[in-house]
Amino acid sequence: MIGLDVTAVDTTAQFKLGTIFSNIGANGPSKDFKYVKFAAGGGAAGVVGEATYYHAAGGYQDSLVSSDVSESINLGAGILQSILTDGTYGWIQISGPATLTIALTAGADGNALTAVGTADGALDVSGAVTDAVVAFADDISAKEIVCMFPR
């Protein structure tokens, strides 16, 4: 998959859902991406650089994601690489450094981040041992994180 465009939006699946693509950086850190289907859920738009969450029970197994945290299982899925609408397919970043387009709800550099207790498209500081940690704040003022979402 050399030269894969992770910003592409597909109206029909071009890859098997859940396919992982690794971009091994020659001049920087590696990043991993996952191919998913987007569910608008509650009308929350899919915005580049915002977090997605696994949509309802079974969302992880189905690679079905949403930007609507209220329709999720509070498990972050990854960071959108393109503007996805209901029923479209595309890539989310699941590991490596990323810059968000939305500010973190709270926290400081080095904090563990979760989807629990956050707003649509955002991440929040993990406050309980039961929170699924999906990233870490690298430079909170610059909205930079280190992704560690489930593969």
- Query: What nm value, rounded to one decimal, do you get for the distance between Ser22 and Ala45 when each label is placed 7 Å out toward the C-beta?
  - Reply: 3.6 nm
- Message: If the reach is capped at under 28 angstrom between alpha carbons, list the lysines near Lys16, excluding any in the same chain fewer than eight residues apart.
- Response: Lys31, Lys34, Lys37
- Query: With every protein chain in place, what's the accessible area of Lys143 (1.4 Å probe, Å², nearest 10)?
  - Reply: 70 Å²
- Item | Cα convex hull of the chain, projected area averaged across orientations, nm² | 8.2 nm²
- Message: 5 Å is the cut-off here: which amide hydrogens, built 1.01 Å from N in the peptide plane, fall below it relative to Ala106, excluding neighbours closer than 5 in sequence?
- Response: Val125
- Query: Which value, in Å² and to the nearest 10, is the accessible area of Thr11 when all protein chains are kept and the probe is 1.4 Å?
  - Reply: 120 Å²
- Item | Long-range amide H partners of His55 with built H, under 5 Å | Leu64, Val65, Ser66
- Message: Not counting ligands, DNA or RNA, and with a 1.4 Å probe, what is Ser82's accessible surface area in Å² rounded to the nearest 10?
- Response: 10 Å²
- Query: Where does the charge balance sit around Thr52 when Lys and Arg score +1, Asp and Glu -1, over other residues with C-beta under 12 Å from its C-beta?
  - Reply: -2
- Query: Taking the chain as a Gaussian network, where each spring joins two C-alpha atoms under 10 Å apart, which residue of Gly58, Gly76, Gly96 fluctuates the most?
  - Reply: Gly58
- Note on the structure: accessible surface per residue for the chain, probe 1.4 Å, DNA/RNA/ligands not counted, whole Å² -> 45 Å²
- Item | Extension gain (nm, one decimal) between Val146 and Ala13, 0.36 nm per residue minus Cα-Cα | 45.1 nm
- Task: Find out how many positive minus negative residues lie around Val116, taking Lys and Arg as positive, Asp and Glu as negative, among other residues whose Cβ is under 14 Å from that of Val116.
- Result: -3
- Message: Quick check: at a probe of 1.4 Å, how many percent of the accessible area of the chain sits on carbon and sulfur atoms?
- Response: 55 percent
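The values are calculated or read from the model by the stated rules, or taken from the named source; none is laboratory data. The model shown is predicted, which means the values in this text are computed figures rather than measured ones. No Cβ is skipped: glycine too gets one built from the backbone with ideal geometry, and neighbour counts run over all protein chains shown. Accessible surface areas use protein heavy atoms only, side chains included; no ligands, DNA or RNA. Shrake-Rupley method; radii C 1.70, N 1.55, O 1.52, S 1.80 Å.
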